[in-house]
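One structure is given here, and the rest of the page talks about it.
The values are calculated or read from the model by the stated rules, or taken from the named source; none is laboratory data. In this text the structure is predicted, and so the values were computed from the model without any measurement. Note that we place each Cβ from the backbone using ideal geometry, even for glycine, and neighbour counts take in every protein chain shown. When the accessible area is computed, the model is the full protein with side chains, heavy atoms only, and any ligands, DNA or RNA have been set aside. Shrake-Rupley method; radii C 1.70, N 1.55, O 1.52, S 1.80 Å.
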Protein chains: 2
Amino acid sequence: MTFDLPTQGRSDAAAEGETPIVSSAMATDIVPTPTAVFGRPARVLVVDDDENVTNMLRRALSFEGYAVATARDGNDALKKTLEFAPDLVVLDIMLPAIDGVEVCRRLRAGDPQLAILMLTAKDAAADQVVGLDAGADDYLVKPFTLDVLTARVRAQLRRKEPSEVELVRFADLVLDTGTHSARRGTREIALTTTEYDLLLQFMRHPRQVLEKEQLTEKVWGYDFGGNYNVLEVYVRYLRQKLEAAGEPRLIHTLRGAGYVLREPTA
Amino acid sequence: MTFDLPTQGRSDAAAEGETPIVSSAMATDIVPTPTAVFGRPARVLVVDDDENVTNMLRRALSFEGYAVATARDGNDALKKTLEFAPDLVVLDIMLPAIDGVEVCRRLRAGDPQLAILMLTAKDAAADQVVGLDAGADDYLVKPFTLDVLTARVRAQLRRKEPSEVELVRFADLVLDTGTHSARRGTREIALTTTEYDLLLQFMRHPRQVLEKEQLTEKVWGYDFGGNYNVLEVYVRYLRQKLEAAGEPRLIHTLRGAGYVLREPTA
DNA sequence: GTGCGCTCTGAGAGCGCCCTGAGAGAGCTT
DNA sequence: AAGCTCTCTCAGGGCGCTCTCAGAGCGCAC
């Protein structure tokens, strides 16, 4: 759900294509394709190491009207999730590199709202328990028919909270999780993916010291073994963009400890 | 004083945090509104001088499953915050006695984790800037619909996470483990990492004699073999910062024994 | 008072954390 | 291929922080 921002002229926001607030309870607006959420096609990420499977699912889901992306292993899945921002992930439990269960756990940690549909091997009852414990919303036993799959996908998407496009605020800084863009006061700020991920970490934990290890773990997914120069460089990028018009600093360095997002109190 | 507690017996709200498992494909269940944080109903304090407004918001939020308290002015708000320990405060910017912005600032100073949602008058663009600078997490322009309000409340509470952020207090001194910063009265004090570590030791053991050996062991991780000059120097740094505005001494020397954190009157 | 030893103080040196500018390489668009 | 954006690496350097040192201050015992 998008929130109307009262102040600024929304010349660009109008072109956004976002649904404005429906203030009355009786919203009988157009319901487009049944595969749509929030007025846009739902995004589905398919993760499986078998290309035959991913291709088949891609075709089937595309045919149903979903926007589909695929990934072939765990790392790929995590990366694509950040880029593609899917509403639902179809996840095979057997994966090379990172285990499907582990992927599920990380996805769930990263986004509590994300719908996750796990594919388990036949009769592997134990898998199902493990998978559900890891935060999957539903599972499907191979082999399955496409009808069953699309039905499950539909069911999961239907229960999705209508929103998750969120405006995270701190001081005069606003981060739009829908467009991945930021605004400081009235100034629009374009962010790259990594910059956005990093800033989001700060915005979700304002006034908290974030250690370099935590940040790299969250943003890059792994530890850098003590060399945090990448992080330092990206903090620099963020500061440059956030203070481009001479605004006071928001991301502060705590030498030897990490960084904090804090209001510019004198 | 009476606080509204959610009336509905929400048997499933106890399982909050766990996504209900839907094993059937045709799941039409409705997921209960997630009004809980940390496994209990979230507490919301509504502050407005218009009783019609507070009553309306109380009803709406109670219906959503929140525990609601109300306050009619700034002093009342600060008092109720201490008693009620809300997770979120809905705060009108126009208040008698103490201004809403000032209330916001004090609430924020008292608890960096508290979610604050400000209500501003229509088109008062300046207010929003002021409010956000004072530490509000979000604002809402009057008039608004209840739908919008509850959505915002939900969004704010969703991002609340259990954290180890803690405010350690002693006399007029507050140490924020989130930002590693200290405050004496209203004066903000920046600390280096070593200074912070040392002060934390004192704050965790107030009115206790701490031997030099203990302190160096804890802060520096090893013993200095009898030469405690580093410690003495850092005690000095702390004293300089903590007494910079002429405040009475808190860290006292016990010749031959060590140091104590003790209130000045004793 | 005198002497001793503990503590405080000011100044400064060195380390290393962090910032910075530049650029190579990957991926994508044209 | 060329151009672009984005990511990440690397080397250089500033300066914040830590710690040392020498000397002064001060409490305590005699």
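Which condition breaks for residue A:135 when tested against (1) modelled with pLDDT under 75; (2) at negative phi; (3) within 13 Å of another protein chain (Cβ to nearest Cβ)?
Failed condition: (2).
Need pairs with beta-carbon distance below 7 Å; first residue closer than 16 Å to residue B:192 by Cβ and within segment B:222-235, second near DNA strand D (Cβ under 9 Å from one of its atoms) and in a helix (DSSP H, G or I); sequence gap 6+ or separate chains.
So the pair list comes out as B:234/B:194; B:234/B:195.
Given the conditions (1) in contact with a Lys or Arg (Cβ under 6 Å, 6 or more places away or on another chain); (2) free of Cβ contacts under 8 Å to residues at least 24 places away in the same chain; (3) within 28 Å of residue B:136 (Cα to Cα), and given that residue B:178 satisfies all but one, which numbered condition is not satisfied?
In the conditions (1) in contact with a Lys or Arg (Cβ under 6 Å, 6 or more places away or on another chain); (2) free of Cβ contacts under 8 Å to residues at least 24 places away in the same chain; (3) within 28 Å of residue B:136 (Cα to Cα), residue B:178 misses (2) alone.
Give just the number: which of (1) farther than 26 Å from residue A:210 by Cβ; (2) modelled with pLDDT of 90 or more does residue B:85 not satisfy?
(1)
If you take the residues of segment B:88-104 that are modelled with pLDDT under 90 and either assigned to a loop (DSSP other than H, G, I, E, B) or within 12 Å of chain A (Cβ to nearest Cβ) (or both), which of them is most open to solvent (accessible area, probe 1.4 Å)?
Filtering first and then ranking leaves B:94.
Just one of A:241, A:218 is among the basic types (Lys, Arg), modelled with pLDDT under 95, in contact with a helix residue (DSSP H, G or I) (Cβ under 8 Å, 6 or more places away or on another chain) and more than 10 Å from DNA strand C (Cβ to nearest atom); which is it?
From the options A:241, A:218, the qualifying one is A:218.
For segment B:207-233: of the residues being in contact with a Leu (Cβ under 9 Å, 6 or more places away or on another chain) and hydroxyl-bearing (Ser, Thr, Tyr), which is surrounded by the most Cβ atoms within 10 Å (Cβ to Cβ)?
For segment B:207-233, the residue satisfying everything is B:216.
Kindly indicate which of A:255, A:204, A:249, A:236 is under 24 Å from residue B:134 (Cβ atoms), open to solvent by 20 Å² or more (accessible area, probe 1.4 Å) and within 15 Å of DNA strand C (Cβ to nearest atom).
Every option except A:249 fails the conditions.
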